[in-house]
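Everything on this sheet refers to the single structure shown next.
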Amino acid sequence: MNKRNISNQVIIIGHLIFILSPIVLCVTLSEIYYYHLNGQWYTHRSPQALSHSEAENGMSLYRKPFSLVKGDRFRILCIGGSTTYSMGVSYEHSWPNLLQKKFNESFSEKFEVINLGRIGGHLEEFINNYQNSSNIYISREKWIRGLRPLHKDLSPWGWKDLQPDFIILVPIINDTAPDYLYLLKPNFVSLSADFVLNLFDNSYFFENMAIGFYFKKFLTILKVNNKEHFYNENLKIEIIKREYLKNLKKFIDLWDVNLNIHMFGLPLLFNKNDGEKQAYQAASYWNITSVDSLLKEAKYMPLLDDLEKTIRLEVSKIKGLPYKELGGHIKKQSFSKRLRLYIDSIHMNSKGNAIIAEEIFKNVAIDIERIVKKRSFEGNK
């Protein structure tokens, strides 16, 4: 090897060191900085390494604590927001609990219905909880402005560790209403940041490296802060529709393709055509002096409800999921009768929860019976 070749190799190695040194330095400093703030390196812990105390951690945001150990029970997960949480009624009168009672009364199999409803829960939070359940609540409004749980805010277990036999998915209004109220139009910088975020989504770089974590945070800030107000209502609705469709498909794709997922929509109080009149009636019925918030809800909620129904139907066809809008007979009742089933424009009282539990049971009982018989047959082989 002549001196010229050696000299060229030295130059190449020197260039590589010059290029790689800042990268290695940034990676190292990012890890040290993260460790300094959080007391641990930026790594995802294995769910197989859970201790008993860790298994009990992270239950505070759920309606009722549950065990990660499944045992021989037929486990159903009810996933949704505050309507699944059944805000405003006792746990005993919540529709997931009533559903569990119906299954245990109707089948010899032992059923467990876990209420994973979270107040303000939305699809991007659900996607996050699949891997590691969050111990803090971040509203959709704050989520679209870039706020995310830190590593220290995440439980060592996620929804995937619950090993469900069946999922009841009830996405409702939390994904579209905050976007409708707070969403701003992205400019070129925001769109570019969003493109890079989607490009590296779920990558090793984002998920397992501190520098990826901080880069993702930086891109999210760029995405959120480089926006302006909408002047075109149709464009705004189209962006909301696209985001909701993407997140709903992404959440469903997380689960095993053979897992039975049934999707339901719950009835809202207000109708599209008589919203203003109904808002004043509701204010009088609930003894509310200021009707402004009800008028606002009566205006945009039926619009978003129709949008969500369209998307849920589209996703159910694409993914082959059973899907049904509940409470059809409720919507046909007079408004004064419907009022007796609600505590506000979204959440139902104990009577309303009982109706929902009965409807869901009727819609899923045949499929669950088939799964139970198949499991019993395979167990007897």
In the stretch 104-113, which residues are of a type in the set (A, V, I, L, M, F, W, C) and surrounded by fewer than 21 Cβ atoms within 10 Å (Cβ to Cβ)?
Phe107
Among the listed residues Ile221, Ile173, Ile167, Ile240, which satisfies the condition of being at pLDDT 75 or above and in a helix (DSSP H, G or I)?
Ile240
Just checking, which of Glu297, Glu276, Glu238 is of a type outside the set (Ser, Thr, Tyr), touching a Leu at 6+ places or on another chain (Cβ under 7 Å) and free of Cβ contacts under 8 Å to residues at least 60 places away in the same chain?
Glu276
Confirm whether Leu313 is touching a Ser or Thr at 6+ places or on another chain (Cβ under 7 Å) and over 27 Å from Lys101 (Cα atoms).
no
Residue in the stretch 315-328 that is assigned to a strand (DSSP E or B) and over 24 Å from Asn128 (Cα atoms) present:
yes
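This table checks each residue for (1) of a type in the set (Gly, Ala, Ser); (2) at pLDDT below 90; (3) closer than 24 Å to Glu243 by Cβ.
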residue: Asn271; (1), (2), (3): no, yes, no
residue: Tyr280; (1), (2), (3): no, no, no
residue: Trp286; (1), (2), (3): no, no, no
residue: Asp305; (1), (2), (3): no, yes, yes
residue: Ser316; (1), (2), (3): yes, no, yes
Residues being surrounded by 19 or more Cβ atoms within 10 Å (Cβ to Cβ) and modelled with pLDDT under 85: count how many of those fall in the stretch 117-142.
1
Selection from the stretch 101-118 of residues that are in contact with a helix residue (DSSP H, G or I) (Cβ under 9 Å, 6 or more places away or on another chain) and without any contact (Cβ under 8 Å) to a residue 60 or more places away in the chain
Lys101, Ser108, Lys110, Phe111, Glu112, Val113, Ile114, Asn115, Leu116, Gly117, Arg118
Mind listing whichever residues of the stretch 342-381 are free of Cβ contacts under 8 Å to residues at least 40 places away in the same chain and over 25 Å from Glu105 (Cα atoms)?
Lys381
Inside the stretch 335-354, can you point out the residues that are of a type in the set (Gly, Ala, Ser) and touching a His at 6+ places or on another chain (Cβ under 9 Å)?
Ser350, Ala354
Inspect all residues belonging to the stretch 82-102 and state whether any of them is modelled with pLDDT under 95, outside the structural domain of Leu245 (by TED's automatic domain parsing), of a type in the set (S, T, N, Q) and touching a Gly at 6+ places or on another chain (Cβ under 7 Å).
no
List the pairs whose first member sits in the stretch 119-138 and is in contact (Cβ under 8 Å) with a residue 40 or more places away in the chain and more than 24 Å from Val89 (Cα to Cα), whose second member is crowded, with 19+ Cβ neighbours inside 10 Å and of a type in the set (Ser, Thr, Tyr), and whose Cβ atoms are under 7 Å apart, counting only residues at least 6 apart or on separate chains?
Asn132/Ser155; Ser133/Ser155
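The values are calculated or read from the model by the stated rules, or taken from the named source; none is laboratory data. Keep in mind the model is a prediction, meaning the values are calculated, not measured. In this analysis, Cβ positions are derived from the backbone assuming ideal geometry, glycine residues included, and neighbour counts consider all displayed protein chains.
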